[in-house]
């Protein structure tokens, strides 16, 4: 292979990181460097390696393929095989750069060591393996201060990557006039199982009390209309605990750019299958959402939100992220865990929405517990009828977001590191 050959590898895990970090950076990098697959004859390539993660859906590779940004996409289930036998997944050039963009930072350390490549980490909260990084780009100054003094020179502050989402949302495809509520039930089956029937009921309740209100459901890249239909049907046991049912559901077509879901109570919910749906979301007055990376996306778009976690379905709380969700998948422990989670979360109440975690205070309301669709419907209506409250939350989110431009700065750091090591010509 030619000495000019180069592989840039993004290491990432779940749907949130792919949407908010991976996709924007890949787009920017292709604009700055001639890379395969967008430049077929280039000796340099951009690749994606997905890593094991309990929060992943298993469909991240399918979502990424649609973007046509990556020469190779390695599935998470093949990660260990990649480490053991890299050549099984095609030839890898002598030179390369591995960039951490989600998951466990140790995965990128392992991969870069195995391939003999440079290693770079985007640190959102902490850089865990500074001595194994050739460069660290950080979200904030606090990350630099946590590093050993002799390692701080390897770190640059670029800001929050999600802050750039507002730029992505600037397209001309307006929603019809009126009050709009975004419904975001989740990105993986465990969340959709709860979120679809719960939020359909919420929409019906709001529609009865506020008939002129309109609804939008932007689908995550790892789900589709067929899954919405399934989890809104009697095939989903949780659906039987709610009154709402799907009457009909239609995909977008040449005349209608958005799909439509109609409940048996005649509530119309528009469905946006194209991702990211930032243009549509940014036009909504408020969002009703599950916990997860979508709360970071909404915060970056300055969209007021109510975060909803109905713990009456604790036995299917695989939907929870992190260790709790992992343990909740173990049949023997999940029964006992249900009580423990409820007591811990409801009494200690650690923040779960990203804006609250980042601000270390309550900016967006988190509704955790044995909650009903009617309670959430009434609260949503109260927010919509209170423009000053909506504006207040929007201002808080805007102050929290930080300045835009992190994606461009990240790209510059990548190019500088490659030039420093004479890997670009």
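Just a few scattered comments:
- Restricted to region 257-273, and to residues there that are part of a loop (DSSP other than H, G, I, E, B) and touching a helix residue (DSSP H, G or I) at 6+ places or on another chain (Cβ under 7 Å), the residue that is nearest to residue 300 (Cα to Cα) is 273.
- Residue 236 under 23 Å from residue 189 (Cβ atoms), within 23 Å of the chain's Cα centre (by Cα) and in contact (Cβ under 8 Å) with a residue 24 or more places away in the chain: no
Every residue, every condition in (1) within 26 Å of residue 415 (Cβ to Cβ); (2) touching a residue at least 40 places away in the same chain (Cβ under 8 Å); (3) over 21 Å from the mean Cα position of the chain (by Cα), yes or no:
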| site | (1), (2), (3) |
| --- | --- |
| 47 | yes, yes, no |
| 56 | no, yes, no |
| 66 | no, yes, no |
| 74 | yes, no, no |
| 93 | yes, yes, yes |
| 102 | yes, yes, no |
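- Residue that is surrounded by the fewest Cβ atoms within 10 Å (Cβ to Cβ), among those in region 279-291 that are touching a helix residue (DSSP H, G or I) at 6+ places or on another chain (Cβ under 9 Å) and not in a loop (DSSP other than H, G, I, E, B): 279
- Selection status of residue 363, modelled with pLDDT of 90 or more and assigned to a loop (DSSP other than H, G, I, E, B): yes
- Cβ-Cβ under 6 Å pairs, at least 6 apart or on other chains, region 361-372 side farther than 17 Å from residue 297 by Cβ, far side part of a strand (DSSP E or B): 365/306; 367/308; 368/309; 371/310
- Which listed residue, of 391, 397, is in contact (Cβ under 8 Å) with a residue 40 or more places away in the chain and in a helix (DSSP H, G or I): 397
- Subset of region 242-264 (residues that are surrounded by fewer than 16 Cβ atoms within 10 Å (Cβ to Cβ) and farther than 20 Å from residue 280 by Cβ): 243, 247, 248, 264
- Matching residues in region 156-186 - criterion: being under 16 Å from the mean Cα position of the chain (by Cα) and modelled with pLDDT under 85: 162, 163, 164, 165, 166, 168, 169
- Condition met for residue 276 (touching a residue at least 60 places away in the same chain (Cβ under 8 Å) and part of a loop (DSSP other than H, G, I, E, B)): yes
- Taking residues in region 25-40 that are free of Cβ contacts under 8 Å to residues at least 40 places away in the same chain, and partners anywhere that are loosely packed, with under 15 Cβ neighbours inside 10 Å and part of a helix (DSSP H, G or I), not one pair has Cβ atoms closer than 8 Å while being at least 6 places apart or on different chains.
- Residue 192 within 30 Å of residue 417 (Cα to Cα), outside the structural domain of residue 28 (by TED's automatic domain parsing) and under 26 Å from the mean Cα position of the chain (by Cα): no
The values are calculated or read from the model by the stated rules, or taken from the named source; none is laboratory data. As the structure is a computational prediction, the values presented were derived from the model and not from experiment. Neighbour counts are summed over all protein chains in view; Cβ atoms, including those assigned to glycine, are modelled from backbone coordinates with ideal geometry.
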